[in-house]
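The values are calculated or read from the model by the stated rules, or taken from the named source; none is laboratory data. Computed from a predicted structure; not experimentally measured. Virtual Cβ from ideal backbone geometry, glycine too; neighbours counted across all protein chains shown. Surface areas here come from the heavy atoms of the whole protein model, side chains and all, with no ligands, DNA or RNA. Shrake-Rupley method; radii C 1.70, N 1.55, O 1.52, S 1.80 Å.
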Amino acid sequence: MTSVKLVQESEATGKVKEIYEDIKATMEWSFVPETFQLIAHNPDHLESYWAHYKQAMTPGLLDLKTKKLIAYVVSVMNNCNV
């Protein structure tokens, strides 16, 4: 099985590094989830994905904490790592 190398935070530069910092600040996380690291090989795709994700996580009928909890439970149910 082929695996894709993730763009680790320590390896991120330029636009990718800026987006990683925004992800951590916006989501109040100390890490960048693997989902983002996986698509970071294409900075434009990462930027687009993050913009949509960020919009979906904007507080509305549910606050950010509740949305993050739902995302976490779905990830666990799908056997995701991070």
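Can you send over the carbon and sulfur percentage of the accessible area for the chain, probe radius 1.4 Å, protein chains only? Could the numbers behind the result be given before it?
Values: 3430 of 5920 Å².
The C+S portion of the solvent-accessible surface of the chain is 58 percent.
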Seminar exercise, completed: Under the 7 Å Cα-to-Cβ spin-label approximation, residue 21 and residue 80 lie apart by a distance in nanometres of 2.5
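Relative contact order for segment 1-71 using alpha-carbon pairs under 8 Å, separation at least 6, rounded to a whole percent? All intermediate terms of the calculation are to be shown ahead of the outcome.
Values: 41 pairs, mean separation 21.0, N = 71.
RCO, segment 1-71: 30 percent.
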Problem set entry | Per-peptide average of other Cβ atoms within 10 Å, ordering 65-72, 16-23 highest first | 16-23, 65-72
Exercise. In square angstrom, what is the accessible area per residue of the chain with a 1.4 angstrom probe?
Worked result: 72
Exercise. Semi-axes of the chain's equivalent ellipsoid from the Cα gyration tensor, sqrt of 5 times each eigenvalue, largest first, rounded to whole Å?
Worked result: 22, 17, 11
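Between beta-carbons, use under 11 Å as the cut-off and find the net charge around residue 30, counting Lys and Arg +1, Asp and Glu -1. Each step should come with its number before you reach the end.
Values: positive: 24; negative: 9, 28.
Local net charge: -1.
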